[in-house]
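**Student:** First the structure, which I've put down as structure tokens, then a few questions once you've had a look.
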């Protein structure tokens, strides 16, 4: 499962870590998607909430993906659920305007 962690960024904030688990321990930098309470309903957002270990409904924004040093990860507070992987994949495709078909049945 992909962790949701508190990260030191412009301030301490939750973020989704889409970086593969197999390489996280080997890296000095990791990719993170900041989590925001500002839900806009964009195709580049992944809906999150209490089931993910968060206090309220919010989104991980694939439009705001960034890279941070591993040393900025403070603690894990939750996880992306397995059934949310498809939403993550779709949001990344939209955020980067990737020219690939979204064959939802074959994702995951």
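**Student:** Among 59, 12, 93, which comes first, then next, by fewest other beta-carbon atoms within 10 Å?
**Tutor:** Details: 59 23, 12 10, 93 18.
By the 10 Å Cβ count, ascending, the order reads 12, 93, 59.
**Student:** Only counting other Cβ atoms within 10 Å, I'd like 26, 45 sorted with the fewest neighbours first.
**Tutor:** On the way: 26 7, 45 24.
Least to most surrounded, the residues fall as 26, 45.
**Student:** Okay, next question. Over the Cα atoms of segment 3-106, what Rg and Dmax result, in angstrom?
**Tutor:** So, for segment 3-106, Rg and Dmax equal 13.3, 38 Å respectively.
**Student:** Given the -39500 (n - 2.57) contribution per DSSP H run of 4+ residues, what per-residue ellipticity at 222 nm results for the chain, rounded to the nearest 500 deg cm²/dmol? Please list the in-between numbers first.
**Tutor:** Values: 2 runs with 15 residues, N = 108.
Helices in the chain give a 222 nm mean residue ellipticity of -3500 deg cm²/dmol.
**Student:** Calculate the length of the line joining the C-alpha centroid of segment 50-99 to that of segment 1-42, in whole Å.
**Tutor:** Centre-to-centre distance over Cα atoms comes out at 6 Å.
**Student:** Give, as ranges by residue number, the residues of segment 60-104 whose backbone N falls under 18 Å from the point 7 Å along Cα→Cβ of residue 40.
**Tutor:** It comes to 60-66, 88, 90-98, nothing else.
Every number here is computed from the coordinates shown, using simple stated rules; none is lab data. All of these numbers come straight from a predicted model, not from anything done at the bench. Note: ideal-geometry Cβ built from the backbone for every residue, glycine included; neighbour counts use all protein chains shown.
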